Structure formats: C-alpha cells, structure tokens
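Enquirer: For reference, the structure I am asking about is given below.
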Amino acid sequence: MASSRLTPQHWDDLPFGEVLQAEIETTLAPWWPRIFGYHLLKVGCLSSQINSLQCSINRHFSLFDGEGSNIQADPHYLPLQQNSIDAVVSCFLLDFEQDPYQILREFDRVLINSGYVFIVGFNPISPAFVGKILPKYQGKLPWSGQFFMPSRVKDWLGLLGYQVLADERLMHHSLLGPVSRNNQTPWWQKILANWLPSTGSVYVIVARKMTVPLTPVKDKTKVSAPNWSTAPSAGRTGLSKSK
C-alpha cells in the first residue's frame, strides 16, 4: 500500500528539522542503555537518520520504501519474521501513511515479547496545529499529514497489549516562525512548557509489549475446597454397650 501523501525524506524537509531531530535524539538518549537484544529496526526515512549509537543493541536496520534503506519495503507489510525484532523506532511515520493502525500491527507482529516501540508524531493540540487551519500551509510539510491525538495512539497500543512507559511533549512552537532569538526561548513558549506541558507540538511515546503467560494462573478464590470425607461416629466404631 503506497502512500499518496507528501512525506518527508530528510529532516530538512520539515520546518526547523535540525532542531526537531536534536530534541528527539536528546529525549531518546536515556532509553538506549535500558534496552537489550540483537536487532533495532528504524522504520521510515526520518527514523533511519536518528542517532542510536549509544543503544545496547548492536545491529541497527533501517526500513522504508526508497533508496538508502537497509531493507526496502512498505511499512504496512514488513518482510520480517514474527518475534524477530527487539525494538522499533518510528519518527513521523504514522502521520503520513494511509493505515497507521496496520503499521502498528506489523510492529507488534515482528517485535519479541517485552520488546520496545518508540513512536514520534505531531500533536494536534499544540501551536503547530495553526498551520492546519491556514490554507497557505495545508499543502506543505508537516501540515499535509495527519495529526493524531497521542491518546489515540496510546489506545491503539493498548488494544495490541502494550504498556505505555513514557509520553513526553517537545517543541512548544507553531513551527511557523523562528524557534528562538539570541538562543533564548520566547516567553510564551516557556509559559506553555511550564503551565501546559501537554501542548508540545511533538509527542514521544515509549511502550513495551506485554507478555501473556501461556499457562493461566488459577484464581485463588475459585479453588475448590478439599473433599473431606465425613468422620465416622463413635457409635459406629466404638464398643457397643452390653445389654
């Protein structure tokens, strides 16, 4: 299933792409030493350019439908074996694909039990949504894509049996003007970050695939009582009185 939307191929395709990339890498950096395994999969062009050198996983692979990827494929149908990947990184992928839930299902299929998924997307409840309203920007990146509510993405993950470990917001900015002046954050961005932290223009969700035990554990409240036999009465087993 090929996407007909305008999709970013490099971070420079997004407004303030270098700043976005740097903030996302800073947010993901503390997680890299905490995950272990053999295979880290970066799905999408932007994901492939994320620095993950500090990750404890040795083998990193990129997958997208284009040149320069380690595996060239449609993210809706990953050509990978089931339970073969330890962690998946997805940066601004769901926003520009036709069937984001199908992509999450593919992530779930290839991830091992207790595997991690890192999802980055644009938050509709943020200053960045202004570009979705103005006709001048509606056909440009990133406003040409879909802005899914982070709560909706977490609901999708919940349906697939994932536990959300982190949900952070970055870039309290409309992405329509300068990010800062003289390397100082504007006062209104500070107010949003301090008083309305959930209004960051970018969300970063970290979730883990939960393992369901193969052998169900018995509910203690449903354990049947032991079948004790009735104790014999003394009249039946004792000596009878003499007449």
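Enquirer: Could you give me the ³J(HN,Hα) list for region 35-45, computed from phi with Karplus coefficients 6.51, -1.76, 1.60 and θ = phi - 60°, whole Hz, x at Gly and Pro?
Expert: So the J values, rounded to whole Hz, are 10, 10, x, 10, 9, 10, 10, 9, 9, x, 4.
Enquirer: Assuming R0 = 30 Å, can you tell me the calculated FRET efficiency for the pair Arg109 and Glu18, based on Cβ-Cβ distance, to the nearest 0.05?
Expert: 0.35
Enquirer: Run the reach check for Lys132 against aspartates and glutamates, Cα to Cα strictly under 15 Å, same-chain hits fewer than 8 apart removed. What comes back?
Expert: The qualifying aspartates and glutamates are Asp95.
Enquirer: So how much slack lies between His10 and Gln54, counting 0.36 nm per residue of separation and subtracting their Cα-Cα distance, in nm?
Expert: Going from the current span to full extension adds 13.7 nm.
Enquirer: Compute the distribution of all C-alpha to C-alpha distances in region 58-128, in bins of 5 Å from 0, and list the percent of pairs in each, rounded to whole numbers.
Expert: Per 5 Å bin, starting at 0, the Cα pair percentages come out as 4, 15, 24, 27, 17, 7, 5, 1, 0.
Enquirer: Then there is this: Which value, to two decimals, describes the C-alpha radius of gyration of region 2-160 once divided by 2.2 N^0.38 Å?
Expert: Numbers: Rg = 15.2 Å, N = 159, 2.2 N^0.38 = 15.1 Å.
The reported ratio for this selection is 1.01.
Throughout, read-outs are computed from the coordinates displayed, never taken from laboratory work. Worth saying up front: this structure is predicted, and the values here are computed from it rather than measured. Note: ideal-geometry Cβ built from the backbone for every residue, glycine included; neighbour counts use all protein chains shown.
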